[in-house]
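Undergrad: Take a look at the following structure, please.
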Amino acid sequence: MAISRPMLIGVTGGSGSGKTTVSQDIIKRLEGESVVMIPQDAYYRDQSEKSMTERRKTNYDHPDSLDNDLLITQLKQLLNREAIDQPVYDYTNHTRSSEKIRVEPADVIILEGVLLFTESNLRDLLDIKVYVDTDDDLRFIRRMQRDIVERGRTVDSVVNQYLETVKPMYHQFVEPTKRYADIILPEGGANVVGIGMLEAQIRDILNKNKA
Ligand SMILES: Nc1ncnc2c1ncn2[C@@H]1O[C@H](COP(=O)(O)OP(=O)(O)O)[C@@H](O)[C@H]1O
Ligand SMILES: O=c1ccn([C@@H]2O[C@H](COP(=O)(O)O)[C@@H](O)[C@H]2O)c(=O)[nH]1
């Protein structure tokens, strides 16, 4: 039985904090329930008109780099139980791919991304706001390993981007939004107790809405 209104959960925190890992763990724990995950990264602006040199200079940790208007429109469609054609982002080429993913509506929508709580229009849609809080050094190490393996980067490019934009933007735009969180989850995916409490809260809301 579907619940009356889908539940929207926002999982934010710095790059490499474990947002994706936590979100995937929640989805696994909620097996059998109707759940979908939306990455805010999918809504980075299209840059196909720019050269590769220009794209490499973009500040991807500033709120203006994201098309939050499209994200909010599509979230409202999912909340109204309408399917969406979610854009797909290509990290290697720093632009939107020509593909789209059809996302069907679900009872639980997990939205994860670095800049979820900066804009009140987006924040106000979220039923539960989670901030994954992981030390800067761990986040940097994890990002370095992941970006080289999965996002086509070199050690130098990861270090330069981190010092030029990722770190300063984190302290300017991401960390200050911790105060909006309902739940602060230290250590991300390793925090089994915290994730268990979040799972219990989601199940409680689901059960109340099904009754
Ligand atoms: N607790 C952890 N211990 C070790 N590695 C982790 C842990 N949590 C996440 N990772 C790894 O760190 C990288 C970044 O994690 P991810 O969940 O993608 O972070 P985010 O979505 O916040 O950028 C991934 O390669 C992931 O497998
Ligand atoms: O073209 C791009 C687009 C984004 N980024 C970086 O991605 C992270 C956000 O993703 P996480 O999965 O939360 O790490 C953000 O910090 C951007 O710097 C990029 O490098 N290139």
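Undergrad: Which residues, taken from region 42-94, are polar (S, T, N, Q) and touching an Asp or Glu at 6+ places or on another chain (Cβ under 6 Å)?
TA: Asn68 - this is the single residue of region 42-94 that is polar (S, T, N, Q) and touching an Asp or Glu at 6+ places or on another chain (Cβ under 6 Å).
Undergrad: From the set of residues in region 97-111 that are charged (D, E, K, R) and under 25 Å from Ser48 (Cβ atoms), which is surrounded by the most Cβ atoms within 10 Å (Cβ to Cβ)?
TA: Lys100
Undergrad: Kindly indicate whether Lys167 is assigned to a helix (DSSP H, G or I) and within 12 Å of ligand 2 (Cβ to nearest atom).
TA: On the way: assigned to a helix (DSSP H, G or I): yes; within 12 Å of ligand 2 (Cβ to nearest atom): yes.
The answer is yes for Lys167.
Undergrad: In region 145-157, what residues are of a type outside the set (Gly, Ala, Ser) and over 18 Å from Val174 (Cβ atoms)? Show your work before the answer.
TA: Taking region 145-157 and keeping what is of a type outside the set (Gly, Ala, Ser), we get 145-151, 153-156.
Gln145, Ile148, Val149, Glu150, Arg151, Arg153, Thr154, Val155, Asp156, listed by residue number.
Undergrad: A further question on this structure: Assuming Arg153 fulfils every condition listed in (1) in contact (Cβ under 8 Å) with a residue 24 or more places away in the chain; (2) outside any helix (DSSP H, G or I) apart from one, which condition is it?
TA: With (1) in contact (Cβ under 8 Å) with a residue 24 or more places away in the chain; (2) outside any helix (DSSP H, G or I) applied to Arg153, the lone miss is (1).
Undergrad: Now for a different question. Those residues that are over 12 Å from Gln86 (Cα atoms) and within 11 Å of ligand 2 (Cβ to nearest atom), I need them from region 28-45; list them, please.
TA: Matches in region 28-45: Arg45 only.
Undergrad: Of all residues in region 155-198, how many are more than 16 Å from ligand 1 (Cβ to nearest atom) and crowded, with 16+ Cβ neighbours inside 10 Å?
TA: Looking only at that region, the number is 1.
Undergrad: Within region 49-96, restricting attention to residues that are among the β-branched types (Val, Ile, Thr), under 28 Å from Pro176 (Cβ atoms) and surrounded by 15 or more Cβ atoms within 10 Å (Cβ to Cβ), which residue is modelled with the highest pLDDT?
TA: Here the answer is Ile72.
Undergrad: Something else: In this structure, is Ile101 at pLDDT 95 or above, more than 13 Å from ligand 2 (Cβ to nearest atom) and not in a helix (DSSP H, G or I)?
TA: Considered against the rule, which asks whether it is at pLDDT 95 or above, more than 13 Å from ligand 2 (Cβ to nearest atom) and not in a helix (DSSP H, G or I), Ile101 comes out as yes.
Undergrad: Please work out which residue is nearest to Leu206 (Cα to Cα), limiting yourself to region 125-153 and to residues that are surrounded by 20 or more Cβ atoms within 10 Å (Cβ to Cβ) and near ligand 1 (Cβ under 10 Å from one of its atoms).
TA: If we take residues in region 125-153 being surrounded by 20 or more Cβ atoms within 10 Å (Cβ to Cβ) and near ligand 1 (Cβ under 10 Å from one of its atoms), then Val132 is nearest to Leu206 (Cα to Cα).
Undergrad: Run Ser15 past the list (1) within 9 Å of ligand 1 (Cβ to nearest atom); (2) without any contact (Cβ under 8 Å) to a residue 40 or more places away in the chain and report the number of the one that doesn't hold.
TA: (2)
Undergrad: Which one is nearest to ligand 2 (Cβ to nearest atom), of the residues in region 115-133 that are touching a Lys or Arg at 6+ places or on another chain (Cβ under 8 Å) and assigned to a loop (DSSP other than H, G, I, E, B)?
TA: Once the filter is applied, the top-ranked residue is Leu116.
The values are calculated or read from the model by the stated rules, or taken from the named source; none is laboratory data. Every value quoted in this text rests on a predicted model; they were computed, and no experiment measured them. Cβ: placed from backbone, ideal geometry, glycine included. Neighbour counts: every protein chain shown.
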